[in-house]
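Novice: Below are the C-alpha cells for one structure; questions will follow.
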Amino acid sequence: MNSVRPSCERLDALSPYDPKYLPATCLLSANENPHDVPKEVRTEINRRLKTMSFNRYPDPLANGLRDKIAEANGLERENVLVGNGGDELLFNIALAWGGPDRTFLNVPPTFSVYEQNARLTGTRVVNVARREDYTIDEDAVLTRVAEGDIDYLIVASPNNPTGKLADEGFLLELLDATDALVMVDEAYFEFSRMTMRPYLAQHRNLVILRTFSKAFSLAGVRLGYILGNADVITQFIKVRQPYSVDAVSQTIAEAVYENRASFERGIVSIIEERTRLVDELSKLPEIKAYPSDANYILFRAEGAPSVWQGLYDRGILVRDFSGAEHLTDCLRVTVGSPDENDRFLMELKQILIERRRA
Ligand SMILES: *Cc1c(COP(=O)(O)O)cnc(C)c1O
C-alpha cells in the first residue's frame, strides 16, 4: 500500500509543539538557568554514572528520588510522583482527568501545553480569559466552576508567560468552590518562593507541579514531579508510561536534589537581576514591562516582531508571543547571567534608538 488511512481526527486541528529554538550566542527564550550544574555537583554525578548498569531497567517509579522529594516537602513517598519533565505530568493529568465527555478549565494566556493536551485527549476546553493586566478573572472562574461540569483546571503560578503569581486567597477559594482537580503549576516556585504545599492536607483536590528544568539547571535531563494526595497520585500512576524516567535521569536528579543548596546563589542572583531588568525596561518609553515572580519578563513593544528580529540579528534569542492570542506585541525575555542581561539591554536600547531616527 502506498497510502495510509488518516490518523485520529482530533489531530487535524493540532500542530506539534514548537519551542521556536534557534541558534544564538545569547539564549534568553526558554526560561532555562543561565548556569549549568555547579562543578562539584557535576563531579558527583559523573562518579555515580560510572557504576550504573545500563542493561537493567530503572526503578519504574524512581522511589529513591521520590523519597528525597517527599522528605524535603514533609510528605510521604505516596504523595510524590516524578515524570519525564513536568510536561509528562501535564500530559498525564489530561489522560487521567480529561478525555471525551470531560471538561478542562483554562485561564489564557498561559502555558500552551495545557490546552494542547486537553485537545489531544478529546477533552472539552473552557477558556476563561485573564483580565487586561493578566490577572485571573477570579469572579468569572468561580462562577464558571459553580456550574459543576469542570473536571480539572490548571493554574500556573507564577504564570507563564505573563510572570505573576496567582492570588493565594483566590486559589483557596477555588479549591473550596469545586471538586475538580486543581493543578497549581509551580514550575517557577524557586524564583517566587511561594507554594500551595501547606494546603495539601485540607484540599484533596489540589495537586502541585514542579520541575528540575528551571532553577536546578536540568532542562536537558527531563525531570518534573507532582505533590498531591495519595489517591490522586495513584490515578496518575495508572496512566503513566512504566519507565518514563530513565535511570540516567534518576541518578542525575538525585545528585542535584541532594545538593540543591548549591543552586541557591544562582537563584538569588536571578531574582536580583530580574528586578534590575524590570527597572531598566521600565525606563524605556516604547516598552511596557510586566513585573515578574519568575525568571523571565514579559514586555510589550509596538512592532514586536521587528524588535525580536533586531535582537536576533544581534545574536540574542528571546521568545516572540506577538502572534499569540491575548499577547499582541509581547516578547518574553529570560533572566540570564548579568553579562547576558547587560547585552540584551544594550542591544534593545540600540534598536529603539535606531527606530526613533527612522
Ligand atoms: C517549563 C515549564 C514546565 C515544565 O517544564 P519541563 O521542562 O517539562 O519540566 C511546566 N509548566 C510551565 C508553566 C513551564 O514553564
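Novice: Could you give the length gained on full extension between GLU9 and VAL125, defined as 0.36 nm per residue of separation minus the Cα-Cα distance, in nm?
Specialist: On the way: separation 116, 0.36 × 116 = 41.76 nm, distance 1.67 nm.
This chain segment gains 40.1 nm when fully extended.
Novice: Sorting MET1, MET52, MET183, MET194 by accessible area (1.4 Å probe), largest first, what list results? Intermediate results must be reported in sequence, preceding the final value.
Specialist: Working: MET1 205, MET52 40, MET183 0, MET194 85 Å².
Largest accessible area first, the list is MET1, MET194, MET52, MET183.
Novice: Subtract the Cα-Cα distance of GLN235 and TYR57 from 0.36 nm times their separation in residues, and report this length gain in nm to one decimal.
Specialist: Details: separation 178, 0.36 × 178 = 64.08 nm, distance 2.28 nm.
Gain in length upon complete extension: 61.8 nm.
Novice: Grab the DSSP H runs of the chain that are 4 residues or longer, score each as -39,500 (n - 2.57), total them, divide by all residues and round the 222 nm result to the nearest 500 deg cm²/dmol.
Specialist: -11500 deg cm²/dmol
Novice: Another one. Could you tell me what percent of the accessible area of the chain is made up of carbon and sulfur, with a 1.4 Å probe and every protein chain present? Please list the in-between numbers first.
Specialist: Working: 8420 of 16780 Å².
With neighbouring chains kept in place, the figure for the chain is 50 percent.
Novice: Ok, one more. How high is the FRET efficiency from HIS35 to THR143, r the C-beta distance, R0 56 Å, rounded to 0.05? Before the final figure, lay out the partial values.
Specialist: Numbers: r = 44 Å, r/R0 = 0.79.
After rounding, the FRET efficiency stands at 0.80.
Novice: On average, how much accessible surface per residue is there in the chain, in Å², for a 1.4 Å probe, leaving out ligands, DNA and RNA? Present the calculation step by step, with values, prior to reporting the outcome.
Specialist: Values: 16780 Å² over 358 residues.
Ligands and nucleic acids excluded, the result is 47 Å² per residue.
Novice: Run the simple label-point estimate for ASP176 and VAL248 please: 7 Å along Cα→C-beta, distance reported in nm.
Specialist: Calculated label separation equals 4.9 nm.
Novice: At 1.4 Å probe size, with no ligands or nucleic acids counted, give the accessible surface of LYS238 in Å², nearest ten.
Specialist: Surface accessible to solvent at LYS238 totals approximately 140 Å².
Novice: Might you work out the accessible area of THR43 for me, using a 1.4 Å probe with all protein chains in place, and round it to the nearest 10 Å²?
Specialist: My reading of the accessible area for THR43 is about 90 Å².
Novice: Quick one: ranking ASP137, ASP101 by accessible area, 1.4 Å probe, largest first, what do you get? Walk me through the numbers on the way to the answer.
Specialist: Values: ASP137 50, ASP101 160 Å².
Solvent-accessible surface, decreasing: ASP101, ASP137.
Novice: Once whole DSSP H runs in the chain are found, which of them have Cα atoms spread over 20 Å or more along the helix axis and a mean Kyte-Doolittle score of at least -0.5?
Specialist: Working: long enough: 264-282 (27 Å, -0.22); 338-357 (29 Å, -1.15).
Within the chain the helices that satisfy the rule are 264-282.
Novice: Rounded to the nearest Å, what's the spacing between the alpha carbon centres of segment 16-36 and segment 104-159? Just the number, please.
Specialist: 26 Å
Novice: Classify segment 182-327: rounded, prolate or oblate, from the alpha-carbon gyration tensor (a ≥ b ≥ c, eigenvalue square roots; a/c under 1.5 rounded; otherwise prolate if a/b is larger than b/c)? Can you show the working numbers first?
Specialist: Numbers: a/c = 1.93, a/b = 1.80, b/c = 1.07.
Note, shape of segment 182-327 comes out prolate.
Novice: Hey, another quick one. Near LYS39, which lysines are there with a Cα under 19 Å away, not counting those fewer than 8 places off in the same chain?
Specialist: Hits, sequence-local ones excluded: LYS50, LYS214.
Novice: Got a sec? What order do TYR312, TYR225 fall in by accessible area at 1.4 Å, biggest, i.e. largest, first? Please report the intermediate quantities before stating the final value.
Specialist: On the way: TYR312 55, TYR225 5 Å².
Greatest to least solvent exposure: TYR312, TYR225.
Novice: At 25 °C and 0.890 mPa s, grab the translational diffusion coefficient of the chain from Stokes-Einstein with a Kirkwood Rh over Cα pairs, rounded to a whole number in µm² per second. It would help to have the intermediate numbers written out before the result.
Specialist: Details: Rh = 21.5 Å.
The diffusion coefficient I find is 114 µm²/s.
Novice: A further question on this structure: After finding the eigenvalues of the alpha carbon gyration tensor for segment 73-151, what semi-axes result from the square roots of 5 times each, listed largest first in whole Å?
Specialist: 24, 17, 14
Novice: Would you check the accessible area of THR328, probe 1.4 Å, heavy atoms only, in square angstrom rounded to 10?
Specialist: Near enough 90 Å² of accessible area.
Novice: What is the extension gain from ASN46 to ALA72, computed as 0.36 nm multiplied by their sequence separation minus the C-alpha to C-alpha distance, in nm to one decimal? Display every interim value, and only then the final one.
Specialist: On the way: separation 26, 0.36 × 26 = 9.36 nm, distance 2.39 nm.
The ASN46-ALA72 span can extend by a further 7.0 nm.
The values are calculated or read from the model by the stated rules, or taken from the named source; none is laboratory data. From a predicted model like this one, the values you see are computed outputs, not experimental measurements. Virtual Cβ from ideal backbone geometry, glycine too; neighbours counted across all protein chains shown. Surface accessibility is based on the protein's heavy atoms, side chains included, excluding ligands, DNA and RNA. Shrake-Rupley method; radii C 1.70, N 1.55, O 1.52, S 1.80 Å.
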